[in-house]
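Structure first, then comments.
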Amino acid sequence: MSLGLPTQIRSSLQAQAFPIPSSAWIESALPNRNPLPPLPALVATIKTRLLAVDLTTPGLLEAPAPAFPANLVNPEVTEIKLAEDIPVQVLDVENLSRSKWEQVEELEAIARGEQTKGREIVRLPIRNAADGDDDEDGAGEDTAAGRSSGSAAASAAAAARANANATHRLVLQDCQGQKVHGVELKRIERVGVGVLNIGEKMMLRRGATVARGVVLLEPATCAVLGGKVEAWQRAWLDSRLARLKEAVGADAA
């Protein structure tokens, strides 16, 4: 292996505004092949593996790894700005614009794999040509299909509007294990229940505002990098559903 290979990979990741892993971790994550693939393929491999690992893994990031300042979660501090870019991972996401019951329905749909659907056109059965009503049947089918298409389009548009106006609260964790809440100050398209994965990586940019211990998230100072910690996703979905159902039951009692 070229002695400069980890350095080249770190430089490429830095140019793409990704967290910078240590040389030792890069070497451990490289494919066991000889010869190694070209540099772009190696960078892509390291990115994929980096986005799938727990940020708190010892030795993962190049020291000193950026982390939240000690006074970040102090509610008595009115406002501070982050002094550097800080990589974080998502531990929880909640849509504050929806009721508990709506959140239960949303999570159950995600669990069934129904969270994302394209527009559907449902066509009615065509009557037998012997009935002599071919034209009417065709017209009826087209009308029904048009109504179905229009309904699907309206539903999709309504969902898009609701999502556009949503406000989400996240639990974010840095490489040292410190946890803070983040709330959307301005809508971030890639943030949402069923859209953002648990364990997904984000980069909080230098200059991001923290008010009363809460990070104010907006597109200019928050980049969603992708990824997921697979084992966390199912555990989060199950526990989140259980907590919401318990809360719904308590509210109804």
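Taking segment 174-230 as the range and being among the aliphatic types (A, V, I, L, M), assigned to a loop (DSSP other than H, G, I, E, B) and touching a residue at least 24 places away in the same chain (Cβ under 8 Å) as the test, the residues that pass are Leu185, Ile188, Val191, Ile198, Ala208, Val229. Every condition in (1) within 17 Å of Cys175 (Cβ to Cβ); (2) not assigned by TED's automatic domain parsing to the domain that holds Leu217 is met by Glu84 except one, and the failing one is (2). All conditions but one from (1) more than 23 Å from Arg190 (Cα to Cα); (2) modelled with pLDDT of 85 or more apply to Leu124; the one that does not is (2). Of the candidates Glu200, Glu246, the single residue that is at pLDDT 95 or above and either in contact with a strand residue (DSSP E or B) (Cβ under 8 Å, 6 or more places away or on another chain) or surrounded by fewer than 17 Cβ atoms within 10 Å (Cβ to Cβ) (or both) is Glu200.
Quick one: Gln173 ticks every box in (1) surrounded by 12 or more Cβ atoms within 10 Å (Cβ to Cβ); (2) at pLDDT below 50 bar one, so which box is it? The number of the failed condition is (2).
The values are calculated or read from the model by the stated rules, or taken from the named source; none is laboratory data. Source: prediction; values computed, not measured. For neighbour counting, all protein chains shown are included, and Cβ atoms are generated from backbone atoms with ideal geometry for every residue, glycine included.
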